[in-house]
Structures are given as C-alpha cells and as structure tokens.
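Undergrad: First the structure, then my questions, so here it is.
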Amino acid sequence: MNKILDGKKTSLRIKEEIKIKVDKLISEGHRPPHLAAILVGEDGASLTYVTNKVLSCKQVGFKSSLIRLPESISEDELLKEIKKLNVSEEIDGFIVQLPLPNHIDDEKVLLSISADKDVDGFHPENFGRMALNMESFIPATPFGIIELLERYNIDLNGKDTVIIGRSNIVGRPISILLSRKTKIGNSTVTVVHSRTKKLEFYTKNADIIVSALGVPGFLKGDMVKDGVIIVDVGITRVKDSSKKKGYAIKGDVDFDSVYEKASYITPVPGGVGPMTIASLLLNTLKAHKKSIA
Ligand code: GUN
C-alpha cells in the first residue's frame, strides 16, 4: 500500500483545476485574479517562499505583484503600502510575508489588512469567522492540510488528533479546524507544546499527528503507535554540503523510523509545502470571485 500523502501531485491537480476556472473567467470577459505579496528585507528563506508563490500565480494564469521593501522601512511606511493595496481595484488579495523586522509590530500590520483581501486568513475577523465555522479565508497551511486529507479520503471522525505546536499560523488554526463539526473535522484534538509534560504520552496515543514545531527529526518512531497518520509541517533549512544550495529542507518527523509504523505520512519536501501554495491560490480565486460579484 502506498502510504505517502503526496502534496506535490495533489497541488498540481489543484493548480490545473484553478487554471481551468481562470480560463473560463477570462473567456467571460473578467480580468484574471491578482495576488500581491509584500516582502520586507532580505531573508533568504522568505524570499524563496514568496518567489514560489509568485511563480505559482503564473502557472494558473493569475497576475501577481511582488513588492519588495527595505529592512529599514518604518512601520508607518509599511502601513501606507498596505493601505494602497487595501483600496486598489486591481488587486484581489495580498499577503505580508512573515517574519517582519523586530521594529515592526506584526499585530498592527495584520490588523491593517482589509479582511476582504486577507488571503492569508490572519486577520482576527477571518480567524474568528473560521473558529465559528462561518465563511472566511482559512490560513493557507491549515487549509492545505485539510485539502490533502480530504483528497485522500482520510476519515477523522471520532479520531484522536494531536497537534504539536501552537503558532497562530499553523498549530492554533489547525487545532480549531480538525475539531469542527465538518467533514474533515469531528476529531478529538489535543494541542501539545513546549510546556507539555509527557509529550510522548499524547503522541503514542494519537491516531493523527500534525507536527508544526520546526525542530528537524523531532518525532521518532518510538513516539507513535502503529497505523498513525502523520502530517509533517516542518520545513527547516539544515546545512548539507552535499547539496548545491548548501542546505537541505528537513521536516519535524524522523521519516524512516516513523514511516515503518504510519498508515499515511506526508514527505518533506513534497507534502504540506506545495499544498500551502495551492491553498493560497484557492483563497485568491475566492477573493476575486467576491470582487466581481
Ligand atoms: N511565513 C511563514 N508562513 C507564512 C504564511 O503562510 N504567510 C505569510 N504571510 N508569512 C509566512
């Protein structure tokens, strides 16, 4: 049996589906969906992620704009850039890539983004609506995880789910989503984190584990039970001189030892990462639909 939850293949299928919808929109006389991304500073990993997002827009026929701003930009200047995007009739949705430099208050920035264009789903209005099971933008990584589980017909109903990590971007939202009374939900969710005593007690009893910790190889085979379903959100750069770039991308899961016991597992790379980008495109398509309605 193939145990791999293949995010790369699934994301390509989603992109094909999006492309068909975009072609139809254009044939009906609409302009293509347009995603903008603001990147502050020169962080290499952030630049790679944003570049991938912009390239993916091209693949599905979206317009995209990358707005690069210097590390030294003031908070006020950044807020002015966001205001421009909020009112632009050309742009359906936009993201501000995180992390931001220390002198900029993330919370102020996220609050300044119009909830209708917040395709990252980070604004409290969208986050609250998501928690209440109302129509909203769902943050791209959790959304991608749900899409992947759904397309592999994974049944979570009544299962015990453990989320490792409680970040606002992944751990917290996915914990809410997987306990909701919805098709890919209805599971009993426990969130474990850096202060959890006996973390292994929870992971060993879990039917599904979503790990979003950022510690390479953290989850080992002896920490999980037979048949577990594993979703690995980790994407840490680890020095590797055998690679052209000088680093390899590693997940939170010690793949070989956990693979033995798992019934399904996402690889890194090629698992959650590409699904995150596909979900951002789905959110942008949704924002475009709202803007032409
Ligand atoms: N940094 C890491 N993940 C994300 C994401 O999903 N969106 C944004 N804006 N920044 C990030």
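The values are calculated or read from the model by the stated rules, or taken from the named source; none is laboratory data. Predicted, not measured: the structure shown is a model, and the values here were computed from it. FYI the Cβ positions are ideal-geometry reconstructions off the backbone, even for glycines, and counts take in every protein chain you see. Ligands, DNA and RNA are excluded from the accessible area calculation, which covers all protein heavy atoms including side chains. Shrake-Rupley method; radii C 1.70, N 1.55, O 1.52, S 1.80 Å.
Undergrad: Among (1) surrounded by 13 or more Cβ atoms within 10 Å (Cβ to Cβ); (2) within 15 Å of the ligand (Cβ to nearest atom), there is one condition G44 misses while meeting the rest; what is its number?
TA: Result: G44 fails condition (1) only.
Undergrad: Which of the residues that make up region 151-199 are touching a Leu at 6+ places or on another chain (Cβ under 6 Å) and not in a loop (DSSP other than H, G, I, E, B)?
TA: T161, I164, V189, V192
Undergrad: Out of contact with any helix residue (DSSP H, G or I) (no Cβ under 9 Å at 6 or more places or on another chain), basic (K, R) and within 30 Å of G128 (Cα to Cα), is that true of R195? Spell out the reasoning first.
TA: On the way: out of contact with any helix residue (DSSP H, G or I) (no Cβ under 9 Å at 6 or more places or on another chain): yes; basic (K, R): yes; within 30 Å of G128 (Cα to Cα): yes.
Considered against the rule, which asks whether it is out of contact with any helix residue (DSSP H, G or I) (no Cβ under 9 Å at 6 or more places or on another chain), basic (K, R) and within 30 Å of G128 (Cα to Cα), R195 comes out as yes.
Undergrad: It is to be established whether one or more residues within region 228-245 are open to solvent by 10 Å² or more (accessible area, probe 1.4 Å), of a type in the set (A, V, I, L, M) and farther than 27 Å from G93 by Cα.
TA: Looking for residues that are open to solvent by 10 Å² or more (accessible area, probe 1.4 Å), of a type in the set (A, V, I, L, M) and farther than 27 Å from G93 by Cα, one finds at least one in region 228-245, hence yes.
Undergrad: How many residues are touching a strand residue (DSSP E or B) at 6+ places or on another chain (Cβ under 7 Å) and surrounded by fewer than 20 Cβ atoms within 10 Å (Cβ to Cβ) if we restrict to region 153-169?
TA: Residues meeting the conditions: 4.
Undergrad: On to the next question. Given the criteria free of Cβ contacts under 8 Å to residues at least 12 places away in the same chain, open to solvent by 10 Å² or more (accessible area, probe 1.4 Å) and farther than 25 Å from F127 by Cα, does K197 qualify?
TA: Working: free of Cβ contacts under 8 Å to residues at least 12 places away in the same chain: yes; open to solvent by 10 Å² or more (accessible area, probe 1.4 Å): yes; farther than 25 Å from F127 by Cα: yes.
Here the answer is yes, as K197 does meet what is asked.
Undergrad: If you scan region 246-293, which residues turn out to be surrounded by fewer than 18 Cβ atoms within 10 Å (Cβ to Cβ) and within 14 Å of the ligand (Cβ to nearest atom)?
TA: none
Undergrad: Now for a separate question. Return the residues of region 89-132 that are of a type outside the set (D, E), in contact (Cβ under 8 Å) with a residue 40 or more places away in the chain and more than 10 Å from the ligand (Cβ to nearest atom); say none if nothing qualifies.
TA: Within region 89-132, I91, G93, P101, I104, K117, F127, M130, A131 qualify.
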